[in-house]
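*Asks:* Encoded as structure tokens, here's the structure I'll be asking about.
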Amino acid sequence: MTDEPLLRVSALSKFYGSRVGCENVTFGLWPGEVLAVVGESGSGKTTLLNCLSTRLLPSSGAASYRMRDGQFRELYRMSEAERRFLMRTDWGFVHQNPADGLRMTVSAGANVGERLMAVGDRHYGKIRATAVDWLSRVEIDEDRIDDEPRAFSGGMRQRLQIARNLVTGPRLVFMDEPTGGLDVSVQARLLDLLRGLVTDLGLAAVVVTHDLAVARLLSQRMMVMKDGRVVESGLTDRVLDDPRAPYTQLLVSSILQV
Amino acid sequence: MATPVVVSDVAKSFTMHLRDGIKLPVVAGVSFSIRSGECAVLGGPSGAGKSSILKMLYGNYAVDAGQIIVQHEDGLIDLATASPRTVLAVRRLTIGYVSQFLRTVPRVSALDVVAEPLVERGADREVARNKARALLAQLNLPEKLWMLPPATFSGGEQQRVNIARGFITEHPILLLDEPTASLDARNRDVVIALIAAKKATGVALLGIFHDHDVREAVADRVIDVTAFAAGKIAA
């Protein structure tokens, strides 16, 4: 474990006019760490995720990322081209709706292969072999490689989106409600898969979810957001078993027991 | 002899914001230490705060006041104020914990649940699985269950998986929250033997055991938690 974080975020705020998206968010993320950001709809968690992944520019604050050469770079001072390159190579973004992260009208294999070509791979045989390997890692049968994701179930599409994101060996992955909208049994399978991949690859991840059970299973650390602000943060099991902030207590006490 | 855990003047209360912010004091003035090679037992009736003390030592509950000094790698750290990252490192390398109930993960086999803490410490997966097999066999868990996820196991079977998971590593400090609560006599004896083996290798153990026979068999010392009742000491 290195002592330097991969991502350093300080006093990040995003305002939509006079409305607060997120305000004064500060944290560090280290390699191999999964940070869950929880809160209800409108709490600012997705705004934060979009700012971190540079899909949105913040109103104020800074975020710096440790590049592969060990140098920290200010995310919001990079050129658009540099940011796009980072997005294609070193980062992944898993959307809640797989259709937002996949190209629905090209084959599953091409969806995975496309990211490889974007980082300069040109050898068709190698690209296809890597695609087959990644499809099997996300438990999609090899004989589905030429099918379009339109013909896949929701769970399969989500697994394909994950393969597409991880094929370039990113170091940081952003996930927005990765299990939202899936059946419980499909969710369990996906969570188990994500857990395994994150551990095996030593990924760092920021996972936005409103589901505290998902946060418990995937993350080591957690931030609870309300009205754009972080109201509590800490070890995931500490926050869930000994919630301190009034809002966290309300969230935890609202979980339905089965 | 080394004293890897020193607890001084620790206090814990819960503030229930959903109940008009009433404050429930749990313990105050908690002070004790544990030496390597001994098994100390937290004693006292239900509700005295035994589990809360154990959970604070694991970083699972926040600490209101006081210090929990733990020997971690080559230094001393205060768990009461440590960052989440430090607590995670302490859990990986220094403090092990056997909880009362197993938190199961969908689709992960009992064998891998047990092997996981070793793998996290960098052990080879097959080496870890072999050690897990040996422990599960010692705890008499039928071999046909090893490759199944423990979610559907009986209480006693789950607890044995949990115990194996807690005992597989060589953490120098081990916390035990009623590890024998739902075990039959034969398996209780196995746990007593496992605890004795840990003591022999110099592990510092702190446990809660409601079972009188087990406590008699393993305890070197009983720490009376009623002495730390939050009402007794003026806040």
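We did not get these values from a lab; they are worked out from the coordinates using the rules stated. From a predicted model like this one, the values you see are computed outputs, not experimental measurements. In this analysis, Cβ positions are derived from the backbone assuming ideal geometry, glycine residues included, and neighbour counts consider all displayed protein chains.
*Asks:* Quick one: longest stretch of chain A between exposed loop GluC sites (Glu not before Pro), exposed meaning at most 16 other C-beta atoms within 10 Å and loop per DSSP?
*Replies:* A:140-258
*Asks:* Something else now. Are there trypsin sites (Lys or Arg not before Pro) in region A:77-146 that DSSP marks as loop and that have at most 10 other Cβ atoms within 10 Å, and which are they?
*Replies:* A:Arg122
*Asks:* Sticking with this one: With the convex hull built on the Cα atoms of region A:63-141, state its orientation-averaged projected area in nm².
*Replies:* The number I arrive at for region A:63-141 is 6.8 nm².
*Asks:* With a ≥ b ≥ c the root eigenvalues of the C-alpha gyration tensor of region B:112-200, is it rounded (a/c under 1.5), prolate (a/b larger than b/c) or oblate?
*Replies:* oblate
*Asks:* Here's something else I'd like to know. So between B:Ser31 and B:Asp9, what do we pick up on full extension, going 0.36 nm a residue minus the alpha carbon distance?
*Replies:* Residue separation times 0.36 nm, minus the Cα-Cα distance, leaves 7.4 nm.
*Asks:* With the crude spin-label approximation of a point 7 Å out along Cα→Cβ, what separation in nm comes out for A:Glu80 versus B:Phe101?
*Replies:* Label-label distance for A:Glu80 and B:Phe101, simple model: 5.3 nm.
*Asks:* Can you bin region A:100-169 into rounded, prolate or oblate? Criterion: square roots of the alpha carbon gyration tensor eigenvalues sorted a ≥ b ≥ c, rounded for a/c under 1.5, prolate for a/b above b/c, oblate for the rest.
*Replies:* It comes out prolate by the Cα gyration axes.
*Asks:* For the Cα atoms of chain B, what angle does the longest principal axis make with the long axis of helix B:185-200, in degrees from 0 to 90, nearest 10?
*Replies:* Rounded to the nearest ten degrees, it is 70.
*Asks:* Return the distance in nm (one decimal) between the two label points of a simple spin-label model at A:Asn24 and A:Arg244, each offset 7 Å from Cα along Cα→Cβ.
*Replies:* 1.6 nm
*Asks:* Something else about it: Amide H of B:Val222: which non-local residues (sequence gap of 5 or more, or other chain) have their own amide H closer than 5 Å, using H built in the peptide plane?
*Replies:* Residues meeting the amide H criterion: B:Val41.
*Asks:* Do the sum for chain A: with -39,500 (n - 2.57) for every DSSP H run of n ≥ 4, divided by all residues, what is the mean residue ellipticity at 222 nm, to the nearest 500 deg cm²/dmol? Mind showing how you got there, number by number?
*Replies:* Values: 10 runs with 99 residues, N = 258.
Result for chain A: -11000 deg cm²/dmol, rounded to the nearest 500.
*Asks:* May I pose another question? Straight-line reach from A:Lys226: which aspartates and glutamates have Cα under 12 Å away, leaving out those fewer than 8 places along the same chain?
*Replies:* Reachable aspartates and glutamates: A:Glu23, A:Glu40.
*Asks:* Another question about this same structure. Taking the dipole about the Cα centre of the protein assembly as shown, with the C-beta of Lys and Arg at +1 and of Asp and Glu at -1, give me whichever of A:Thr54, B:Gly44, A:Gln96 is farthest to the positive side.
*Replies:* A:Thr54
*Asks:* Still on this structure, please answer the following. If a/c stays under 1.5 just call it rounded; otherwise compare a/b with b/c (prolate if a/b is bigger, oblate if not). Do that for region A:1-115, with a ≥ b ≥ c from the square roots of the Cα gyration tensor eigenvalues. Present the calculation step by step, with values, prior to reporting the outcome.
*Replies:* Values: a/c = 1.69, a/b = 1.20, b/c = 1.41.
Verdict is oblate for region A:1-115.
*Asks:* Something else now. Under 20 Å Cα to Cα from B:Lys12, which lysines show up? Leave out anything in the same chain fewer than 8 places away.
*Replies:* B:Lys23, B:Lys50, B:Lys55, B:Lys232
*Asks:* Moving on. How much FRET efficiency would the formula 1/(1 + (r/R0)^6) give for B:Met16 and B:Asp224, where r is the Cβ-Cβ distance and R0 is 35 Å, rounded to 0.05?
*Replies:* After rounding to 0.05, the efficiency reads 0.80.
*Asks:* About the Cα centre, and with charges only on the beta carbon of Lys, Arg (+1) and Asp, Glu (-1), how big is the dipole of the protein assembly as shown? Nearest 20 debye, please. Walk me through the numbers on the way to the answer.
*Replies:* On the way: 58 positive and 56 negative charges, 135 e Å.
Taking the Cα centre of the protein assembly as shown as origin, the dipole is about 640 debye.
*Asks:* In nm, to one decimal, how far is the modelled label at B:Ser182 from the one at A:Arg150, with both set 7 Å along Cα→Cβ?
*Replies:* In this crude spin-label approximation the distance works out to 5.0 nm.
*Asks:* Arrange the following residues from fewest to most other Cβ atoms within 10 Å of their Cβ: A:Leu56, B:Leu102. Walk me through the numbers before you get to the answer.
*Replies:* On the way: A:Leu56 17, B:Leu102 21.
With the sparsest Cβ surroundings first, the list reads A:Leu56, B:Leu102.
*Asks:* If each residue's Cβ is checked for other Cβ atoms within 10 Å, how do A:Phe174, A:Phe93 rank with the fewest at the top?
*Replies:* The most exposed by this proxy come first: A:Phe93, A:Phe174.
*Asks:* How crowded by other chains is B:82-89, given as the mean number of beta carbons from other chains within 10 Å of each beta carbon?
*Replies:* The per-residue average across the peptide is 5.
*Asks:* Among A:Val132, A:Val25, B:Val10, rank each residue by its count of other Cβ atoms within 10 Å, from fewest to most, as a rough exposure measure.
*Replies:* Going from least to most buried by this count: A:Val132, B:Val10, A:Val25.
*Asks:* Still on this structure, please answer the following. Please report how far the C-alpha centroid of region A:144-193 lies from that of region B:21-39, rounded to the nearest whole angstrom.
*Replies:* 45 Å
*Asks:* Straight distance only, please: which aspartates and glutamates reach the Cα of B:Lys144 with their own Cα at less than 19 Å, same-chain residues fewer than 8 apart left out?
*Replies:* B:Asp112, B:Glu126, B:Glu157
*Asks:* Under 8 Å for C-alpha pairs, at least 6 residues apart: give me the relative contact order for region B:102-169, rounded to a whole percent.
*Replies:* Computed value for region B:102-169: 50 percent relative contact order.
*Asks:* Same structure again: To the nearest 20 debye, what is the magnitude of the charge dipole of chain A about its Cα centre, counting +1 on the Cβ of each Lys and Arg and -1 on the Cβ of each Asp and Glu?
*Replies:* Magnitude of the dipole: close to 640 debye.
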